[in-house]
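Below is one structure; the comments refer to it alone.
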Amino acid sequence: MTVSFHKFGEYFPGTGDVHDIGYDQGKNYAINFPLHDGMDDESFYSIFKPVISKVIQVFQPGAILMQCGADSLSGDRLGCFNLSIKGHAECVAFVRSLNIPMLVLGGGGYTLRNVPRVWTYETSVLLGTEIKDVLPYNDYFEYYGPDYRLHMPVSNMENLNSTEYLEHIKTQLFNVLKHVQPAPSVQITADPTIQGGGATGLPTAKLGAGMLAVSSTAQATSAATASIGGTSNQVHTTAMDITNDAVDENQKDADDDQKMADIRPSTDDQRAHAAEFYDNAD
């Protein structure tokens, strides 16, 4: 089963509508929550927690696959949301609190300096370890200026997701979930052929076999794709446009890499600046 919270509209590839719920034997097992620009922490968490809680209640998964992309963060080059790093990680913390086995992966994000920020912080959340907001000195220290901190402020962009809209979509999805059956389970019993075993040798148990996929991605790639806070690239009219855009993005990434190499501190003056920053931060 998959659950997707993502930017939706005239974006490639055009899937991810609330009515995209899967088909055939997978019908009702693809949950899509389409969102508008400007999604902030409070609004996002207000829908994430109840929807995921309801999915867990009805589907009863034995494991959760969670992909933590960064394109929903405020200031992302392609993203249209306005989440803070702490707001993004609050969703990770909630899923962790469910005490269901998790496999956590990285994902999209197009403002390079913010991707390691959110992955680092969410790793600390998963490990239950607090880390300092002041970034440790490293070879790429200057790239995180001028603040040199883990957390960053969000923008003042308008949130186009009204409370009424979010409640309406949530109600629709809850109606879909009424038709979902719990994940299948595998019966575990004692093997009578094993010495010491028998009908009463070991307790009977059930192992849940269902998997819930929760991720953050740059686009809703299909009705069954699960994404948290993902955004979508705009639809292009021709394949050539898409190819050219991909080349442009690759060139931008190469330029960013060159900038990182150019500003990497390597002189005594730059190292002294870093040391001065830490003295002031303390």
Item checked: Solvent-accessible heavy-atom area per residue, rounded to whole Å², over segment 1-101 at 1.4 Å -> 39
Check: Shape call for segment 93-133 from the C-alpha gyration tensor, a ≥ b ≥ c root eigenvalues: rounded (a/c under 1.5), prolate (a/b greater than b/c) or oblate?
Finding: oblate
Margin query: Please list, ordered by chain and number, the residues whose modelled amide H lies under 5 Å from the amide H of residue 4; skip anything fewer than 5 residues away on the same chain.
Written below: 31, 32, 33, 227
Margin query: At R0 = 30 Å, how high is the FRET efficiency between residue 123 and residue 157 if r is their beta carbon distance? Nearest 0.05 is fine.
Written below: 0.60
Next item on the list: Could you pull out every residue, at least 5 positions away or on a different chain, whose amide H is within less than 5 Å of the one on residue 67? Hs are placed 1.01 Å off N in the peptide plane, and Pro or chain starts have none.
Entry: 105, 214, 215, 216
Checklist line | Rh (Kirkwood; distinct C-alpha pairs) - segment 68-176, Å | finding: 15.6
Next item on the list: Normalising by the residue count of segment 1-54, find the relative contact order in percent from Cα pairs under 8 Å and 6+ residues apart.
Entry: 38
Note to self: Exceeding 19 Å between C-alpha atoms, which entries from my cross-link table qualify? They are 27/54; 54/86; 54/178; 49/86; 49/170.
What the structure shows: 54/86
Next item on the list: Could you work out the local net charge near residue 57, counting Lys and Arg as +1, Asp and Glu as -1, over the other residues with Cβ closer than 15 Å to its Cβ?
Entry: +4
Next item on the list: Estimate the FRET efficiency between residue 98 and residue 137 by the formula 1/(1 + (r/R0)^6), using the beta-carbon distance for r and 51 Å for R0, to the nearest 0.05.
Entry: 0.85
Checklist line | Principal axis dimensions, largest first and in whole angstrom, of segment 1-139 by Cα | finding: 54, 36, 25
Notebook entry, point to check: What residues qualify as long-range amide H neighbours of residue 102, i.e. H under 5 Å apart, gap of 5 or more or another chain, H built at 1.01 Å from N?
Noted result: 64
Notebook entry, point to check: Rounded if a/c is under 1.5, else prolate if a/b beats b/c, else oblate: with a ≥ b ≥ c from the C-alpha gyration tensor eigenvalues square-rooted, which is segment 18-89?
Noted result: prolate
Check: Using a 1.4 Å probe on the protein chains only, how many percent of the accessible area of segment 73-133 belongs to carbon and sulfur?
Finding: 55
Next item on the list: Report, to the nearest whole %, how much of the accessible area of segment 1-52 belongs to carbon and sulfur atoms, 1.4 Å probe, protein only.
Entry: 49
Note to self: As a test question: what accessible area, to the nearest 10 Å², does residue 171 have when a 1.4 Å probe is rolled over all protein chains in place?
What the structure shows: 80
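The values are calculated or read from the model by the stated rules, or taken from the named source; none is laboratory data. If you're wondering where the values come from, they're calculated on a predicted model, not measured in any experiment. No Cβ is skipped: glycine too gets one built from the backbone with ideal geometry, and neighbour counts run over all protein chains shown. In case anyone asks, the SASA skips ligands and DNA or RNA and just uses the protein heavy atoms, side chains included. Shrake-Rupley method; radii C 1.70, N 1.55, O 1.52, S 1.80 Å.
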